[in-house]
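Notes follow once the structure below has been shown.
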Amino acid sequence: MTATYKAPLTDMRFALFDVLGAEAVFARLGFAEATRDIVDAVLEEAARFTETVLAPLNRIGDTVGCSYDKASGGVTTPPGFKQAYAQYVEGGWSGLVSPVEFGGQGLPHAVGVPLKEMIDAANLAWGNFPLLSHGATEALLQHGSDWQREVFLGHLVDGSWTGTMCLTEPHCGTDLGLLKTRATANADDSYSISGSKIFITAGEHDFTDNIVHLVLARLPDAPAGSKGISMFIVPKMRIARDGRLGESNGVRCGAIEHKMGIHGSATCAINFEDAQGYLIGEPHKGLLAMFTMMNTARLAVGLQGLGLSDRAYQHALRYSRERLQMRSLSGPKFPEKPADPIIVHPDVRRMLLTCKALIEGGRVMGYHGASLVDIVEHSEDVDERVQAEALLGFVTPIVKACLTEWGVECTYHALQCFGGHGYIADHGMEQLARDARITTLYEGTTGIQALDLMGRKIMQQQGAGLRVFLGMIETFCNDNAGNESVAPFLAPLRQKADQWQTLTMQVAQRASGNADEIGAAAYDYLFFSGYVALAYWGARSVAAAEASAQSEAFKTAKRQTAMFYFDRILPRTLTHAAAIASGMDSLMSLETHHFDA
Ligand SMILES: Cc1cc2nc3c(=O)[nH]c(=O)nc-3n(C[C@H](O)[C@H](O)[C@H](O)COP(=O)(O)OP(=O)(O)OC[C@H]3O[C@@H](n4cnc5c(N)ncnc54)[C@H](O)[C@@H]3O)c2cc1C
C-alpha cells in the first residue's frame, strides 16, 4: 500500500520564519499582504490541497501514465490529473507569486517555495504541468512587449493556459548553439517558426485549451552558435491582435516519450510548421531571456529533489518504527516485542539521519535561494540588490545540483530502509527513486551546473557570490562566538570556509595555464560548496531553534541532526577537496582511444 504524504509544516515554517527571518524581510520589501498569519493560512491550505488532492493521484499517474493519440496529436493525462488542475486553478494557486496587476496574488517567491515543495512531494509528475508557466511568466515580465504581457500573462497567471520551454532538439541538448529551428519574419510583426523540438515537458495535454510555447529558434541572419539564438512565443492556438483565440497554429505533438519515471508527466516531441510566433526581447538575445526562465526553473527543480527526499524519508521513518527485525546489538530495546524495530540499528539510523540532515539543511538552502529572488526583484537598496544578485547566481547551480543529487541519494536510502519491500511496487518507494532520477538531468545536468558554478560564477564573475557567502559565514561565527548551542560547529565551519577560499584560488591559478582545469575541478567544487553551505545552514538552524519558541524536542533534534551532519556528512568534503587538489592530470591523460584498451 502506498503511504500517504504529510506536509512538514513545522519545519517549513521554521526554515522560513525562524532561520531566514522571512516576516521582517517581507515587510521590508513591501509585501504588505505577506504577514505571518496570512502565510500560515496559505501553507495550511496548500498542505490540504497537496495531501488530499495530489498525493492520492501519484500512484495512478505512474501506473497509467499519459497516452498519445496519433490521429489527433492529442495527449490524455492520467485519471484525475485534469480535475486536480481545475482545483488548482480554482484555488488561485497558479498566480500565488505573480504580480497583482496581471491577476496574481503578489506573494513573495519565498512563500511559493513551500507550495512547490509540497506539490512535488505529493505528485512530481503532476507538478510538471504548471511548473513551466512560472518560468514563462518571469520571462515575459522581464523581456516581453506590452502587447505580449497584456495578451499572454493574464492567462498564464490564472492558469487558463500553461507554458512550456522549447529548447531541446534531437542533436542538441546542452549545446544550444547547435539548434536548427528557424524563424522568418512575416509581413506583420509576427514570425513563422519551423522545426522539431523533443523532450518538451507539458508540450501537449488536456488541461487547457491553449498552451504557450517559448521557443528558441534562429533568424535567417543569425550568427552561428549560441550568439544567434532568438526566443519566440508560439501559442498552440493562434491569437488575434485583440487577444481572442483563433484557429490552431502550426504546432503538433508528434509523440510522447516512454521513460524511467514521472510517467504522469507528458514529455513531448513538438513539431512547428510555419507556426505563428512573436519575438521576445531582441533578435539573437534569446539565451539571455531563456536564462531568466532557466534560473527560476533551476531553483524549482532543486525543490523537486527536496520534495521527493522528504516524502521518501517520511515513509522510511514510519516503516523503520514499525518493522521488527533482529535485536539491537546492545541488548533488546523493546523486550515485550518479538524483535526490535529496525530504527534501533545503527545502519538504519545512518540512512534515516542522512536523509533528515540533507532534507532539513536543503530546505533552508532552497528557500534562501527563493528569498534572494524577492530581494533582487523588490529591494529598494541598490547595494543589497547587487549583492543578492551575485549570491543568487552563485547558489542557483548549487541548489539545483545538490538538492537533486541528494534527492536521488535520499530516495535510495529510504528504499533501502524497506529492504526487499522497497524494491517491489506496493510501498511506492521504487516510484520515488525512479521519479527522482530525472531531476539531475533536466534543466541542465549536474555536470553543467558544476560548469556554470566554476566557469561562470567563479571564474568570469571573480567569485562575487562566493565572497558574499563567505561573509555570511564570518558574520554568523562572529555573532555567535559566545553561543554555547553552536560552539561545536564554529571552528569546523571557519576551517571549511578558509579551505573553500583556498581551493577556489588554487583552481583559478591552475586554470590560467589550462582551461580544462576548470572542468576537472567543477563537479567536486560544486559538492564541496554544497556541503559547506549545508554546514552553515545546519549551524544557523541550531542557533535559530534555540532562540525560537519551538519545543525542546525540536531544539534537541536540530542540535543532534547538526552533530550527525558535522561528524558524518561534512567529511565528504575531504574527498572532494583531495580530488580538486589533484588537478586534471590523472583525469585527462588517458587517450580517448585507450578507454577500452
Ligand atoms: C523527461 C524530460 C523532460 C525534459 N523537459 C524538457 C523541456 O521541457 N524543455 C526542453 O527544452 N528540454 C527538456 N528536456 C531536455 C533536457 O533538458 C536535456 O535532456 C538535458 O539538458 C541534457 O541534454 P541531452 O539529453 O541532449 O544530453 P547531452 O547534452 O548530449 O549531454 C550528455 C552528457 O554529456 C555531458 N556534457 C555535455 N556537454 C558537456 C560539457 N561541455 N561539459 C561537461 N559535460 C558535458 C552532460 O552533462 C551529459 O552527462 C527534458 C528531458 C527529459 C528526459
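Quick grid of which residues meet (1) under 22 Å from the mean Cα position of the chain (by Cα); (2) modelled with pLDDT of 95 or more; (3) closer than 28 Å to SER548 by Cα:
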{"position": "LEU9", "(1), (2), (3)": "yes, yes, yes"}
{"position": "ASP18", "(1), (2), (3)": "no, yes, yes"}
{"position": "ALA32", "(1), (2), (3)": "no, no, yes"}
{"position": "LEU54", "(1), (2), (3)": "yes, yes, no"}
{"position": "ALA86", "(1), (2), (3)": "no, yes, no"}
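Residue pairs whose Cβ atoms lie under 7 Å apart, sitting 6 or more positions apart in sequence or on different chains, and linking a residue in the stretch 32-54 that is within 29 Å of GLY80 (Cα to Cα) and among the polar types (S, T, N, Q) to a partner that is modelled with pLDDT of 95 or more and part of a helix (DSSP H, G or I), are THR50/MET118; THR50/ILE119; THR50/ALA122. Of the candidates ILE438, ILE448, ILE473, ILE458, the single residue that is crowded, with 20+ Cβ neighbours inside 10 Å and within 15 Å of the ligand (Cβ to nearest atom) is ILE438. Of all residues in the stretch 524-552, those that are more than 25 Å from ARG467 (Cβ to Cβ) and either free of Cβ contacts under 8 Å to residues at least 12 places away in the same chain or polar (S, T, N, Q) (or both) total 5.
Out of ARG182, ARG149, one residue alone is among the charged types (D, E, K, R), modelled with pLDDT of 95 or more and more than 28 Å from GLU90 (Cα to Cα). It is ARG182.
Among the listed residues LEU176, LEU141, identify the single one that is within 13 Å of the ligand (Cβ to nearest atom) and open to solvent by 10 Å² or more (accessible area, probe 1.4 Å). Explain how you work it out, then say what you get.
Working: LEU141 fails: within 13 Å of the ligand (Cβ to nearest atom).
Of the residues listed, the single one that is within 13 Å of the ligand (Cβ to nearest atom) and open to solvent by 10 Å² or more (accessible area, probe 1.4 Å) is LEU176.
Do we have any residue at all in the stretch 234-244 that's within 15 Å of the ligand (Cβ to nearest atom), touching a residue at least 40 places away in the same chain (Cβ under 8 Å) and either within 26 Å of the chain's Cα centre (by Cα) or surrounded by fewer than 22 Cβ atoms within 10 Å (Cβ to Cβ) (or both)? Yes, that holds for at least one residue. Counting only residues that are touching a residue at least 60 places away in the same chain (Cβ under 8 Å), in a loop (DSSP other than H, G, I, E, B) and within 7 Å of the ligand (Cβ to nearest atom), the stretch 160-173 holds 1 of them. Return the residue satisfying two criteria in turn: it lies in the stretch 34-52 and is surrounded by fewer than 19 Cβ atoms within 10 Å (Cβ to Cβ) and within 23 Å of TRP537 (Cα to Cα), and of such residues it is farthest from the chain's Cα centre (by Cα). Only one residue fits best here, namely ARG36. Taking residues in the stretch 188-212 that are open to solvent by 20 Å² or more (accessible area, probe 1.4 Å) and in a strand (DSSP E or B), and partners anywhere that are among the aliphatic types (A, V, I, L, M) and within 12 Å of the ligand (Cβ to nearest atom), the pairs with Cβ atoms closer than 6 Å and at least 6 places apart or on different chains are ILE198/ALA269. Of SER320, SER328, SER371, all but one fail to be crowded, with 20+ Cβ neighbours inside 10 Å and farther than 19 Å from CYS410 by Cβ; the exception is SER371.
The values are calculated or read from the model by the stated rules, or taken from the named source; none is laboratory data. Just so we're clear, the structure is a prediction, and the values are computed from it rather than from any experiment. Virtual Cβ from ideal backbone geometry, glycine too; neighbours counted across all protein chains shown. Just the protein is used for accessible areas: all its heavy atoms, side chains included, with ligands, DNA and RNA removed. Shrake-Rupley method; radii C 1.70, N 1.55, O 1.52, S 1.80 Å.
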